[in-house]
Amino acid sequence: MRKKIVAGNWKMNLSLEEAKTLVSELKVNLDNQSADRVAQNASNLPVVVLFPPYIYLTRILDVFYNYEGVSVGAQNCHQNDQGAFTGEVSASMLRSVGASHVIIGHSERREQFGEDDGLLAEKMRQALKNDLTAVFCCGEKLPERESGKHFQVVSDQLHKGLMWMEEKQLEKVVIAYEPVWAIGTGVTASPDQAQEMHAYIRSLIEDKYGSRAAESMSILYGGSCNAKNARELFSNKDVDGGLIGGASLKPADFFQIIQSF
Ligand code: 13P
């Protein structure tokens, strides 16, 4: 069965003190939730994945060491193992501190740091080589949607970024559909728009890898997903959770999103 996932991408936000407060509040809520769920014998909890800035990674990893249901990852990695790349962090370094996930291909990396499909494929190779789960982001810009090119754009991104892999490698991949026009804008894809694109993405996986791989792939929605709209978005059959930006910085909102299945 595929995993339900709620991931928080903090981007370049929060001081260390603020980050500590955020995770301690989140942990209290998760502890209480676990106790409730055990009492009710319920088990439909999503996996929570936190993506703090690199500099806080080890602190947050310590907080959730051996804590079931919470994983911690990085927002990016370099495409090389090691070497003279001032300011960069490799996938093997992430693995060595205990990170389990990495985001690859976020639209902010594509746009502001000029990361193209070829580079992203290299980063995917590094992530997999180092046994990290890669959260691969795709999504169209507004003019691309308005001109009806959104399916083609997403298909191209997926083919170039990850559909060169073997089926087995897909077990370490999560796809995040993040329409660029919805990121940080307060404009969310409608549940129908999200479901339509997620079903399309799943069909691409099925065409190339078969139904077992398609059915096991977790496909997250990202883009102004919040405590109010998460439940409706997540109720769609091909939406397996969310990659949350702004709302993941507010403990109560993020926790409500976690509970939105
Ligand atoms: P917002 O939730 O702030 O729109 O950001 C989404 C995102 O980019 C997550 O990676």
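The values are calculated or read from the model by the stated rules, or taken from the named source; none is laboratory data. Every value quoted in this text rests on a predicted model; they were computed, and no experiment measured them. Here the Cβ is made from the backbone with ideal geometry for all residues, glycine too, and neighbour counts use every protein chain on show. Side chains included, ligands, DNA and RNA excluded: accessible areas come from the protein's heavy atoms. Shrake-Rupley method; radii C 1.70, N 1.55, O 1.52, S 1.80 Å.
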Is there a residue being more than 14 Å from the chain's Cα centre (by Cα) and either charged (D, E, K, R) or part of a helix (DSSP H, G or I) (or both) anywhere in region 97-105?
-> yes
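Determine if region 174-194 includes at least one residue that is acidic (D, E) and farther than 29 Å from E18 by Cβ. Break it down into steps so the answer makes sense when it comes.
Of the residues in region 174-194, the ones acidic (D, E) are 178, 192.
When the remaining residues are screened for being farther than 29 Å from E18 by Cβ, the result is 192.
Yes, region 174-194 has at least one match.
Please verify whether C137 is within 14 Å of the ligand (Cβ to nearest atom) and of a type outside the set (V, I, T), treating the condition exactly as stated. Before the answer, list the steps.
Values: within 14 Å of the ligand (Cβ to nearest atom): yes; of a type outside the set (V, I, T): yes.
Yes; evaluated as a whole, the condition is true for this residue.
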Selection count, region 250-261, where residues are within 15 Å of the chain's Cα centre (by Cα) and within 14 Å of the ligand (Cβ to nearest atom) = 2
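If the requirement is being of a type in the set (G, A, S), open to solvent by 20 Å² or more (accessible area, probe 1.4 Å) and part of a loop (DSSP other than H, G, I, E, B), which of these qualifies: G118, G87?
Only one candidate qualifies: G87.
State yes or no: is F51 in contact with a Lys or Arg (Cβ under 8 Å, 6 or more places away or on another chain), closer than 22 Å to G241 by Cβ and among the aromatic types (F, W, Y)?
No, not satisfied.
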Residue check: is G139 touching a Pro at 6+ places or on another chain (Cβ under 7 Å) and touching a residue at least 40 places away in the same chain (Cβ under 8 Å)?
-> yes
Given the conditions (1) within 15 Å of the ligand (Cβ to nearest atom); (2) on the phi < 0 side of the Ramachandran plot; (3) touching a residue at least 40 places away in the same chain (Cβ under 8 Å); (4) not charged (D, E, K, R), every one holds for A227 apart from (3)
Does region 98-109 contain any residue that is more than 26 Å from S216 (Cα to Cα) and either out of contact with any strand residue (DSSP E or B) (no Cβ under 8 Å at 6 or more places or on another chain) or surrounded by fewer than 22 Cβ atoms within 10 Å (Cβ to Cβ) (or both)?
-> yes
Here the residues within region 162-202 that are surrounded by 14 or more Cβ atoms within 10 Å (Cβ to Cβ), without any contact (Cβ under 8 Å) to a residue 60 or more places away in the chain and of a type in the set (A, V, I, L, M, F, W, C) are L162, M163, M165, L170, V173, I175, W181, A182, A189, A194, M197, A199
Of all residues in region 142-161, which are open to solvent by less than 80 Å² (accessible area, probe 1.4 Å) and either closer than 23 Å to E122 by Cα or at pLDDT below 95 (or both)?
-> V153, V154, S155, D156, Q157, L158, G161
If you go through S34, S71, the only one that is closer than 30 Å to N236 by Cβ, of a type in the set (S, T, N, Q), touching a residue at least 24 places away in the same chain (Cβ under 8 Å) and part of a strand (DSSP E or B) is S71
Selection over region 157-191 where residues are aromatic (F, W, Y) and under 21 Å from K4 (Cα atoms) yields a count of 1
Would you check if I205 is within 16 Å of the ligand (Cβ to nearest atom) and buried (at least 20 other Cβ atoms within 10 Å of the Cβ)?
-> no
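Report whether or not K237 is out of contact with any strand residue (DSSP E or B) (no Cβ under 6 Å at 6 or more places or on another chain) and within 15 Å of the ligand (Cβ to nearest atom).
Values: out of contact with any strand residue (DSSP E or B) (no Cβ under 6 Å at 6 or more places or on another chain): yes; within 15 Å of the ligand (Cβ to nearest atom): no.
No; evaluated as a whole, the condition is false for this residue.
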Taking region 161-195 and keeping only residues that are among the aromatic types (F, W, Y) and in a helix (DSSP H, G or I), one is left with W181
